[in-house]
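Only one structure is covered here, and it is reproduced in the block below.
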Amino acid sequence: MLKFERNPNSLIYRHRRLLFSLFLIIVIPLIVCLIWWLIGPVSKQAPAKAVKHTFMQNITALDSAVSRLQADIRGKRPADVQESFKRARIAYKRVEFISAYYSPETTRALNGPNIPEVDDDLRINEPQGFQVLEEMVFPEVAADAYPDMLHAANVIRANVNRLRKISETNELTDSHVFDAMRLEIFRVVSMGITGFDSPVAFHSLPEVVSALAGVQAQLVHYTSQNADNALAAQLDSAFNVAIAYVRNARDFNAFDRLVFIREYANPLSGRLLDAQKALGIPVFTDKRLLSPSARTLTDSGAFNANYFINFEEQAMTTQRIALGKMLFFSPVLSRNSGRTCATCHQPDRAFTDGEPKSFAVGFNGQRISRNAPTLLNASFQAAQFADSRVTFLEDQASDVIRNPDEMHGSLPDAVAALRKQDASRKLFEEAYTDGVTESNLKNAIASYIRSLSSLDSRLDRHFRGSENALTIEEKAGFNLFMGKAKCATCHFFPLFNGTVPPAYLETESEVLGTPATAEGKIVDPDVGKFVLTKREPHRYAFKTPTVRHVALTAPYMHNGVFKTLEEVVDFYDRGGGNGLGFNLENQTLPFDKLSLSDSEKKALVAFMKIL
């Protein structure tokens, strides 16, 4: 058999070597890139897929817990029903952070407030979920309540199955999971520790433990795949000490919320953000009221005053704020009355006027229908006016200007007058490309009001590290506000208004049963939001205002009926209007007495005054 020796100088051999070299240089890298393209994303998504897998298991556990609750209701043993209810909501809390993030409507149906809701189409939706059932189960189970309890439990079970079906098709991403985890910490801080969703059972602290443990368990899917053992240890330690602190609380009222937020919750949410960055998981840059990159709820700059605008073109600028300030103090907006916005919104009174109800145009003893609210932090509300009749500050400005009892002005007349003033026209041209227009006038005033954000009280400085910012009495007052006194279940921390955390998309109204006079004999005849919607849940409903700067905004309530904070606290302590005997079926304020001692009332007032 003939053998041919390879000649390295032959043309064929050189061609083969060239082809082989090209194969090594081009084809193999292409194959590697193709494999990475196909497999790499799957690898990166592995933690999120593991989170979803655990989440689905937790939904199954929740379903089992609700099934047991149904069985115990059928068994009609009160102690068993109460215990099963607690276990079921503990199971719910383990799924809450993902459920609330990806399926907010179903989550609301599972655990929303026990209050009828009027939707955008003015349909009245009856409440459902755990909070409805809780009021049947606690503090005692009524002998005739079992049919209603079973119906409520059946609705909860149906919504658990609805959550399962919706969640099966949801694709989780790492960025969304980390966002949801930090929002859950914020939910715990602003709602969980206040008793917001356990107002009767007072089982909030064990539920907080479950919520934190649920996040911690899911976080393992990320830290277990990371080589940085120190990162995992730090996160685990932060969760463990926070959970231990809550577990060690004597009871709901004794829990020190001030210490928990500053020493445990704030470091925890900060570490979660650090971990996200260390793992190379992008942090969202979406526009939200609460910045997606906020380390804590008490960060300086955590809230975006430009969020509640109708168009991006309406965002604040330095020029627009300056123009708006000029207009705010100018009588050009009123009709021959010499009146300005500052007539009723005086800077030295936190932009109120100190009157129960502001004087109407022309005076003659006439007053407008409601108390002038502060404009400070108005940008952090999703609705304006006490009856929430407008959404945007631009519309608030035009409403006030046109109102015959307030400014009694005209936007076209104001525009015409401003166009004749060289200085004013120049300011408009510097702020807007199209100069003096009605739209620009409204936006300039709104921009000035949006600039009046003030979130740097002694309380804020305490959370940012100032060691001696608060007195012992003020600290006690904060804990009462956030706990026993139930103030923070409507005036949500840290904005202390009715804009609902942690999504901050809606601003709530409440029915308090405010009396017509300080004597408290009859309810005030102003029916509030009912004028707009004609729906019974809104009769006597008014927007929840901010409590910040409240020391400067007396007198209080929509009708200015209370002259002092002490009177306001007494009203709440007695249970609002129903505590006074008004028998309002739709009162949303809990009408059981708070049973605050004189020293507790004093501490509560001392705290509010530092805001």
Residue 113 vs. criteria surrounded by 13 or more Cβ atoms within 10 Å (Cβ to Cβ) and not in a helix (DSSP H, G or I): yes
Single residue of the range 288-321 satisfying the filter (of a type in the set (Lys, Arg) and closer than 29 Å to residue 462 by Cα) that is nearest to the chain's Cα centre (by Cα): 288
Residues that are under 21 Å from the mean Cα position of the chain (by Cα) and small (Gly, Ala, Ser), drawn from the range 359-405: 378, 379, 382, 383, 386, 388
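Go through 215, 160 for me and flag whichever is assigned to a helix (DSSP H, G or I), of a type outside the set (Phe, Trp, Tyr) and in the same structural domain as residue 69 (by TED's automatic domain parsing). Give the steps one after another, and end with the answer.
On the way: 215 fails: in the same structural domain as residue 69 (by TED's automatic domain parsing).
Just a single option satisfies the conditions, and that option is 160.
Would you mind finding the one in 454, 466 that is at pLDDT below 95, out of contact with any Lys or Arg (no Cβ under 6 Å at 6 or more places or on another chain) and part of a loop (DSSP other than H, G, I, E, B)? Walk me through how you get there before you give the answer.
Numbers: 454 fails: at pLDDT below 95.
Sole residue among the options that is at pLDDT below 95, out of contact with any Lys or Arg (no Cβ under 6 Å at 6 or more places or on another chain) and part of a loop (DSSP other than H, G, I, E, B): 466.
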Cβ-Cβ under 7 Å pairs, at least 6 apart or on other chains, the range 372-384 side of a type outside the set (Phe, Trp, Tyr), far side at pLDDT below 95 and surrounded by fewer than 24 Cβ atoms within 10 Å (Cβ to Cβ): 372/358
Among the residues listed as 406, 394, the single one being in contact (Cβ under 8 Å) with a residue 60 or more places away in the chain and either touching a Cys at 6+ places or on another chain (Cβ under 8 Å) or not assigned by TED's automatic domain parsing to the domain that holds residue 342 (or both): 406
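Inside the range 395-437, can you point out the residues that are β-branched (Val, Ile, Thr) and outside any helix (DSSP H, G or I)?
Residues of the range 395-437 β-branched (Val, Ile, Thr): 400-401, 415, 433, 436-437.
Answer for the range 395-437, where residues must be β-branched (Val, Ile, Thr) and outside any helix (DSSP H, G or I): 433, 436, 437.
If you check 442, 543, which single one turns out to be in contact (Cβ under 8 Å) with a residue 24 or more places away in the chain and more than 19 Å from the chain's Cα centre (by Cα)?
On the way: 543 fails: more than 19 Å from the chain's Cα centre (by Cα).
Of 442, 543, the one residue that is in contact (Cβ under 8 Å) with a residue 24 or more places away in the chain and more than 19 Å from the chain's Cα centre (by Cα) is 442.
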Within the range 135-153, tally of residues that are over 32 Å from the mean Cα position of the chain (by Cα), part of a loop (DSSP other than H, G, I, E, B) and in contact (Cβ under 8 Å) with a residue 12 or more places away in the chain: 1
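When you go through 174, 179 one by one, which is the residue that is at pLDDT 95 or above and closer than 18 Å to residue 56 by Cβ?
Values: 179 fails: closer than 18 Å to residue 56 by Cβ.
The unique qualifying residue is 174.
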Selected residue [under 16 Å from residue 333 (Cα atoms) and of a type outside the set (Ser, Thr, Tyr)] from 456, 395, 422: 395
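Taking into account only those residues within the range 343-372 that are in contact with a helix residue (DSSP H, G or I) (Cβ under 6 Å, 6 or more places away or on another chain) and modelled with pLDDT of 95 or more, which is farthest from residue 542 (Cα to Cα)? Steps first, answer last, please.
Quick first cut of the range 343-372, residues in contact with a helix residue (DSSP H, G or I) (Cβ under 6 Å, 6 or more places away or on another chain) only: 349-350, 353, 358, 372.
Checking the rest, the ones that are also modelled with pLDDT of 95 or more come to 349-350, 353, 372.
Working: 349: 22, 350: 20, 353: 20, 372: 13 Å.
Top of the filtered list is 349.
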Test: residue in the range 329-338 that is assigned to a loop (DSSP other than H, G, I, E, B) and either more than 29 Å from residue 416 (Cα to Cα) or among the acidic types (Asp, Glu) (or both): no
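Quick one: would you say residue 529 is modelled with pLDDT of 95 or more, out of contact with any His (no Cβ under 9 Å at 6 or more places or on another chain) and either of a type outside the set (Val, Ile, Thr) or within 18 Å of residue 113 (Cα to Cα) (or both)?
Working: modelled with pLDDT of 95 or more: yes; out of contact with any His (no Cβ under 9 Å at 6 or more places or on another chain): no; either of a type outside the set (Val, Ile, Thr) or within 18 Å of residue 113 (Cα to Cα) (or both): yes.
Here the answer is no, as residue 529 does not meet what is asked.
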Index of the failed condition, residue 600 passing every other in (1) assigned to a helix (DSSP H, G or I); (2) over 17 Å from residue 482 (Cα atoms): (2)
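Determine whether the range 511-520 contains at least one residue that is surrounded by fewer than 19 Cβ atoms within 10 Å (Cβ to Cβ) and free of Cβ contacts under 8 Å to residues at least 24 places away in the same chain.
Residues of the range 511-520 surrounded by fewer than 19 Cβ atoms within 10 Å (Cβ to Cβ): 516-519.
Retained after the next criterion (residues that are free of Cβ contacts under 8 Å to residues at least 24 places away in the same chain): 519.
Yes; the residues of the range 511-520 include at least one that is surrounded by fewer than 19 Cβ atoms within 10 Å (Cβ to Cβ) and free of Cβ contacts under 8 Å to residues at least 24 places away in the same chain.
Scanning for something closer than 14 Å to residue 323 by Cβ, under 33 Å from the mean Cα position of the chain (by Cα) and touching a residue at least 60 places away in the same chain (Cβ under 8 Å), does the range 450-467 turn up at least one residue?
Looking only at the range 450-467, we keep the residues that are closer than 14 Å to residue 323 by Cβ, and these are 450-451.
Going one step further and asking which of them are under 33 Å from the mean Cα position of the chain (by Cα), we end up with 450-451.
Cutting the leftovers down to touching a residue at least 60 places away in the same chain (Cβ under 8 Å) gives us 450-451.
Yes, some residue in the range 450-467 is closer than 14 Å to residue 323 by Cβ, under 33 Å from the mean Cα position of the chain (by Cα) and touching a residue at least 60 places away in the same chain (Cβ under 8 Å).
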Residue, surrounded by the most Cβ atoms within 10 Å (Cβ to Cβ), within the range 332-371, restricted to residues that are out of contact with any Asp or Glu (no Cβ under 7 Å at 6 or more places or on another chain) and of a type in the set (A, V, I, L, M): 333
Near pairs, Cβ below 9 angstrom, 6+ apart or cross-chain, from the range 481-503 (without any contact (Cβ under 8 Å) to a residue 60 or more places away in the chain and within 17 Å of residue 565 (Cβ to Cβ)) to any residue that is of a type outside the set (S, T, N, Q) and part of a loop (DSSP other than H, G, I, E, B): 491/498; 491/545; 491/547
Matching residues, the range 553-611, being small (Gly, Ala, Ser) and within 21 Å of residue 540 (Cβ to Cβ): 560, 575, 576, 577, 579, 581
Pairs where the first residue, in the range 265-293, is of a type in the set (Phe, Trp, Tyr) and the second is surrounded by 13 or more Cβ atoms within 10 Å (Cβ to Cβ), C-beta under 7 Å, 6+ apart: 284/175; 284/179; 284/292
Filter result for residue 120 (modelled with pLDDT under 95 and not hydrophobic (A, V, I, L, M, F, W, C)): yes
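Of a type in the set (Ser, Thr, Tyr), assigned by TED's automatic domain parsing to the domain that holds residue 51, under 30 Å from residue 54 (Cα atoms) and at pLDDT 95 or above: does that describe residue 146?
So residue 146 does not fit the description; no.
The values are calculated or read from the model by the stated rules, or taken from the named source; none is laboratory data. Because the structure is predicted, anything quoted here is derived from the model rather than measured. For neighbour counting, all protein chains shown are included, and Cβ atoms are generated from backbone atoms with ideal geometry for every residue, glycine included.
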